[in-house]
Amino acid sequence: MTVYNFSAGPAVLPKPVLELAQKEMLDYRESGMSVMELSHRSSEFDEIIKSAESRLRELMAIPDNYKVLFLQGGASLQFSMIPLNLAQKKKKAYYVVGGSWGKKAYTEAVKLSKTIDFQPELLASSEDSVFNHIPTFDASTIDKDAAYVHLTTNNTIEGTTVYELPDTNGVPIVADMSSNILAVRYNVADFGLIYAGAQKNIGPAGVTIVIVREDLLNDEPVLSSMLDYRIQSDNDSLYNTPPTYGIYMARLVFDYVASLGGVDAMETRNVEKANLLYDFIDQSEFYSNPVSVKADRSICNIPFVTPTDELDKLFNKEALAHEFKNIKGHRSVGGMRASIYNAFPLEGVEALVAFMKAFEEKNKG
Ligand SMILES: *Cc1c(COP(=O)(O)O)cnc(C)c1O
């Protein structure tokens with residue numbers, strides 16, 4: 001039986017990318033070395049990181065006045081780096097909390113505000129309704145002089161997405177795009193800063209992409225050089241040893257996405273995959289999707305439940321036996337979650353729907 005990996009991250013990678021990496025594993029392009037063995041200062045690696053950046057620039061149409069950084073520490077370290085770097089002059093920052101990751105970002109900001117002069121403010125939250133929709137707010141309540149408005153474009157755990165960016169009264173938007181970067185088209189110029197852990201739509205865990213508008217880079221040094229966007233940028237992400245193999249894999253994935261037609265083509269495929277599953281769930285009286293506002297539904301992460309916890313448990317057990325890996329919902333929300341990022345094949349969604357149909361027939365009672 002074919003294995004389908006529904007993991008939310010680290011997630012499935014494109015097979016052709018893994019095959020190419022395998023082919024180049026022992027001898028990277030006649031260097032006689034594996035990519036893992038190359039110096040990060042070598043000409044071979046210089047070509048890898050530069051082409052990774054230029055491919056990403058093409059794919060996302062990143063304007064020239066934005067820097068692209070390849071960092072470490074995951075999306076979670078950005079929860080601290082963003083206020084440390086961006087709130088140097090302007091002290092206020094707003095948080096729109098539409099899911100558990102956004103809440104973590106806000107919680108880290110509050111923690112940091114006890115140590116540095118910085119005022120994070122909760123602008124909107126949908127926590128009261130277990131994050132079942134994207135919260136809205138009135139832009140006129142935003143102080144024009146604030147450093148940024150932070151939001152999460154795709155709430156990985158709850159399965160909601162910001163498709164239309166909100167009016168922020170001219171204040172730059174800082175976005176955690178970890179789970180839908182390269183899966184949904186956004187206009188980079190609408191953001192002050194975008195960040196994403198690689199392990200969902202880009203490559204293996206270990207690389208964090210940061211895309212930041214140059215004028216937002218910090219003027220003063222921050223706490224530590226490793227946490228300093230200006231230093232990372234001045235050193236072209238080579239201030240210290242970067243995650244070289246992860247950057248190489250990201251480059252291969254970028255090439256692969258480009259070969260399929262880029263982000264617009266990925267989005268079209270992702271919509272097709274997601275609709276297949278949503279249409280099935282919507283016509284069923286057995287399954288339901290917890291998102292209350294249809295327009296907010298994610299095309300990357302699709303949570304769903306059966307009528308009871310017992311049946312959810314049984315579903316997860318039987319799905320696993322059926323070689324559907326990692327479809328169990330996040331421990332905080334339960335149920336099931338199908339993460340169907342760029343590399344997840346349409347056939348996997350078709351197989352899931354067939355399995356769901358059969359399970360419903362057997363258990364609808
Ligand atoms: C997975 C995820 C994170 C956490 O990423 P790490 O790289 O593990 O720190 C943060 N935000 C979102 C939206 C995510 O999906």
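Each reported figure results from applying straightforward, stated rules to the coordinates on display, with no laboratory input. Given the structure is predicted, the values throughout are model-derived calculations rather than measurements. In this analysis, Cβ positions are derived from the backbone assuming ideal geometry, glycine residues included, and neighbour counts consider all displayed protein chains.
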_Restricting to DSSP loop positions (anything but H, G, I, E, B) with no more than 12 other Cβ atoms inside 10 Å of their own Cβ, which trypsin sites (Lys or Arg not before Pro) remain in the stretch 77-111?_
Lys89
*Averaging sequence separations of C-alpha pairs under 8 Å and six or more residues apart, then dividing by the length of the chain, give the relative contact order as a whole percent.*
23 percent
*asked:* For the chain, place one equal point scatterer on every Cα, skip the solvent, and apply the Debye formula. What is log10 of I(q)/I(0) at q = 0.09 Å⁻¹?
replied: -0.52
*If one computes the Cα centroid of the stretch 29-86 and of the stretch 127-143, what distance in Å separates the two points?*
33 Å
*To the nearest 500 deg cm²/dmol, what mean residue ellipticity at 222 nm is calculated for the chain from DSSP H runs of n ≥ 4 alone, each contributing -39,500 (n - 2.57), summed and divided by the residues?*
-11500 deg cm²/dmol
*Counting DSSP beta bridges with both partners in the stretch 15-259, what percentage is antiparallel, nearest 5?*
45 percent
*Past 24 Å, Cα to Cα, is the threshold; run Lys328/Lys364; Lys144/Lys294; Lys317/Lys357; Lys50/Lys273; Lys313/Lys362; Lys103/Lys357 against it and keep the listed order.*
Lys144/Lys294; Lys50/Lys273; Lys103/Lys357
*asked:* Out of the trypsin sites (Lys or Arg not before Pro) in the stretch 1-78, which ones are loop residues according to DSSP with at most 12 other C-beta atoms within 10 Å?
replied: Arg41
*What stretch of the chain, leaving out the sites themselves, is the longest with no GluC sites (Glu not before Pro) in a DSSP loop having at most 11 other Cβ atoms within 10 Å?*
1-163
*Exactly which trypsin sites (Lys or Arg not before Pro) in the stretch 291-365 are in a DSSP loop and have at most 10 other Cβ atoms within 10 Å?*
Arg331
*So how long is each side of the stretch 260-363 along the principal axes, counting just the alpha-carbon atoms, biggest first, in Å?*
42, 30, 26
